[in-house]
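The values are calculated or read from the model by the stated rules, or taken from the named source; none is laboratory data. Remember, predicted model here, so these are calculated numbers, not experimental data. Cβ placement follows ideal geometry from the backbone for every residue including glycine, while neighbour counts extend to all protein chains displayed. When the accessible area is computed, the model is the full protein with side chains, heavy atoms only, and any ligands, DNA or RNA have been set aside. Shrake-Rupley method; radii C 1.70, N 1.55, O 1.52, S 1.80 Å.
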Amino acid sequence: TMAAIGEPGEERISGCKRSSEEVDQQTGEKVDDFSELLWSLRHPEFEDLAATKPKVPCPGCGKPTKFYCLKCQRAAAGAQYVPVVDLPFSLEILQHPQENPSKGSAIQAVVLAPNAHLWGLPGRGKHSLTLPEHPDFPIDETVVLYPSADAVNVTDVDWDTVKHVLVIDSAWRKSGGIAKQPEISKYRFVKIREEKTFYWRWHKKGEECMSTVEAIYHFYRQTALARNGRYDGQYDGLLFYFAHFYRLVQQVYRDNPDLTFHNKPQDYIKYVDPRSDQKAGSSQVDAGTKLEGGAPDQ
């Protein structure tokens, strides 16, 4: 669940529209438009601050930052408007030492969910954070989210026995080697049903290979469906920052139609805002804003 802010009863973030009555013929689930969720998942006051407020000191270490501090793993500007997401079992993210945390999405889940943790895999990279190595989790209580050859679908797992889920945060080309390491391969592997990525960073692995935070969201959503037979939006907040950055990318290219967005399907940029049915024309985002990574100017 997501905590409230301001006056009692005031929602911390605006909910997403879930009006589709279309039903997936294989799963029996209502079909939700993920793109619509990304456009809807916003808080007006946070959006205003994000558009106008410069970097602020991190409440932990004092370093100037915009949205969240990579070192302290906590929200900065507009923190009072950021959702707090309660997960049913702990999220343990294992980050490759050569990952650039400023361009990744894994940190977003850690900022948003109190029982999410970021651990470092052995090694050292140019941009890596100084992270503790992950502890040895109980084998019978832990699963690894990775589509290995022997991974079972989330619908076939007894979730009452699970207390920890491990997620590999690395480039796709490196993830297979990590999954085969003895300290990881000893756990049970699970996989989710394929979903389409909406990440703006390009790779050659296909549209079903998502960013880390997208995979985490779909995992918790699909496990809720497997456990309860329904999903009520309780984990949508995991995409709060991702949705904000997605809209920033869209906004820059809508307001600068001469720019070319390379290596994505032609319909990736939505030149009409789905929420207004009008072309955007009042962007407060500079076309030069760094948008190639996980978050513009954290």
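Worth pointing out:
- Sorting the segments 43-53, 90-100, 107-117, 63-73 by their residues' average number of neighbouring beta-carbon atoms within 10 angstrom, most packed first, yields 107-117, 90-100, 63-73, 43-53.
- As computed over the stretch 159-256, the Cα convex hull volume per residue (Å³): 121 Å³
- Protection proxy ranking of 226-233, 78-85 - average other beta-carbon atoms within 10 Å, highest first: 78-85, 226-233
- Computed with a 1.4 Å probe over protein heavy atoms only, the accessible surface of the stretch 92-169 comes to 44 Å² per residue.
- Spatially close lysines, pair count over the stretch 94-199: Cα under 17 Å, gap of eight or more or interchain: 6
- Given their separation in residues at 0.36 nm each and the Cα-Cα distance between them, Ala51 and Glu183 gain 43.2 nm when the chain is fully extended.
- Each peptide among 160-166, 254-260 gets the average number of other Cβ atoms lying within 10 Å of its residues, and from highest to lowest they stand as 160-166, 254-260.
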